[in-house]
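Colleague: I have a structure here, written as structure tokens, and I will follow up with some questions on it.
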Amino acid sequence: MRWAAMKEDAPSPATNDSGPDASEPPQLVSVVLATFSEDASRQLFRAVVVILVSITGTILLWRYSESLKLGLFLWIWLMVSVGGRLLRKRSIVVGNHDLRTIRGEIDQGIRWAGVGSLKVDGTEIELLFPEGGSRLISLRFLNPAIRDEAATAIIRTMEMFRHAGPVVIPLENEMRISSQRLELRPFEVKDVPFYVRLVTCPERMASQLSVMTSAELVAGSMTSLFKKRSQRNAYGMLVVWKHDTPIGIVYFRPTDLILRQAMLGFDLLPEYQNQGYGTEAVRAAIDYIERSSNLVKITAGTFSDNPASRRVLEKAGMTYIGTDRKFWFKGDHWKDGDRFEYLLNPEAVPASE
């Protein structure tokens, strides 16, 4: 994912009229906000134990069982059943609707709407229910370095759920955006040749974060990525179209779904710069995200030596909030980056379960 990397100085666009109607309820899709898993070393230890027990049991059955075939069948069935569960990595999964564990105490999941409060006590989290009763979630299987992070994520998710309901975000395959002159459509495998041209354009190299300068490398990695991934992603890579011609890319990626923040980036072919297309595309994407989500903030940025991209972000309604020194190593030196933000209106989307 890249920060904004376009050079342009052009007028502001007309108001965008895209996105779902504000009166329509959003589609509440189940989204994983965070996953915390045990160390691979612990999983490996269990695998070694299962293997040793399996070998030992098989040897004993072979030597002492009077009904060898039946004994081996039952033993193999038992080890496959028990071993399959024991070898699964234990995890805590924090979702926008519920909290659950893998190989833990609440594998069926408990919905946030049914939790009254929670308490953290050492290596355990206790969920308390309004009607009485509670459930304990153990954090002991997690690396001590991430136990606090897991507890914080659970507490924050609970707080945000009570404040604004479950997270509502646009899915990539639903992000079809129209403005006065442009259309933004989800990236498809057939768009790879255009993306190769955009990323390897010599005029654009100085202002891009991308380090993939080989056309073969870009084509191979992008084709493989988009063939394997699902279109129901909680982020978007959108191609900017002017009539039937692709002219640029807009990127949208949640950076913290628990605190409901996302990042926006863009890029444009040189021949379509200085005509307002970049500003229009960014503004259209912001309007769509504001109408179809309850995210609270979008961030973006550009290299400090690219003032034209800064003007694009400002014309799209974003506010400059500071400069990151030594933001990115490019070529043979460090470059600074200017950061921008846009505060969304979470009340625009109903917070309903």
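The values are calculated or read from the model by the stated rules, or taken from the named source; none is laboratory data. Treat the numbers as computed from the prediction; the structure is a model and nothing was measured. Because the Cβ atoms are built from the backbone with ideal geometry, glycine has one as well, and the counts that use them run over all protein chains shown.
Colleague: Checking the condition at pLDDT below 90 and touching a Pro at 6+ places or on another chain (Cβ under 8 Å), which residue from Val168, Val196 passes?
Modeller: Just a single option satisfies the conditions, and that option is Val168.
Colleague: A further question on this structure: Go through segment 333-353 and report how many residues are at pLDDT below 90 and within 29 Å of Gly165 (Cα to Cα).
Modeller: The total comes to 9.
Colleague: Hey, among the residues in segment 267-303 that are under 22 Å from the mean Cα position of the chain (by Cα) and among the polar types (S, T, N, Q), which one's modelled with the highest pLDDT?
Modeller: Thr299
Colleague: Count, please, the residues in segment 147-173 that happen to be surrounded by fewer than 16 Cβ atoms within 10 Å (Cβ to Cβ) and under 20 Å from Val31 (Cβ atoms).
Modeller: The total comes to 7.
Colleague: Scan segment 239-274 for residues that are over 20 Å from Ile286 (Cβ atoms), assigned to a loop (DSSP other than H, G, I, E, B) and not aliphatic (A, V, I, L, M) and jot them down.
Modeller: His243, Asp244, Asn274, listed by residue number.
Colleague: Right, another one. Do we find that Ile137 is touching a helix residue (DSSP H, G or I) at 6+ places or on another chain (Cβ under 7 Å) and not assigned by TED's automatic domain parsing to the domain that holds Thr255 in this structure?
Modeller: Against the criterion (touching a helix residue (DSSP H, G or I) at 6+ places or on another chain (Cβ under 7 Å) and not assigned by TED's automatic domain parsing to the domain that holds Thr255), Ile137 does not qualify.
Colleague: Then there's this: Exactly one condition in (1) in contact (Cβ under 8 Å) with a residue 40 or more places away in the chain; (2) under 30 Å from His243 (Cβ atoms); (3) in contact with a helix residue (DSSP H, G or I) (Cβ under 8 Å, 6 or more places away or on another chain); (4) assigned to a loop (DSSP other than H, G, I, E, B) is not met by Ala300; state its number.
Modeller: Failing condition for Ala300: (4).
Colleague: Return the residue satisfying two criteria in turn: it lies in segment 304-339 and is hydrophobic (A, V, I, L, M, F, W, C) and in contact with a Ser or Thr (Cβ under 6 Å, 6 or more places away or on another chain), and of such residues it is farthest from Gly276 (Cα to Cα).
Modeller: Here the answer is Ala316.
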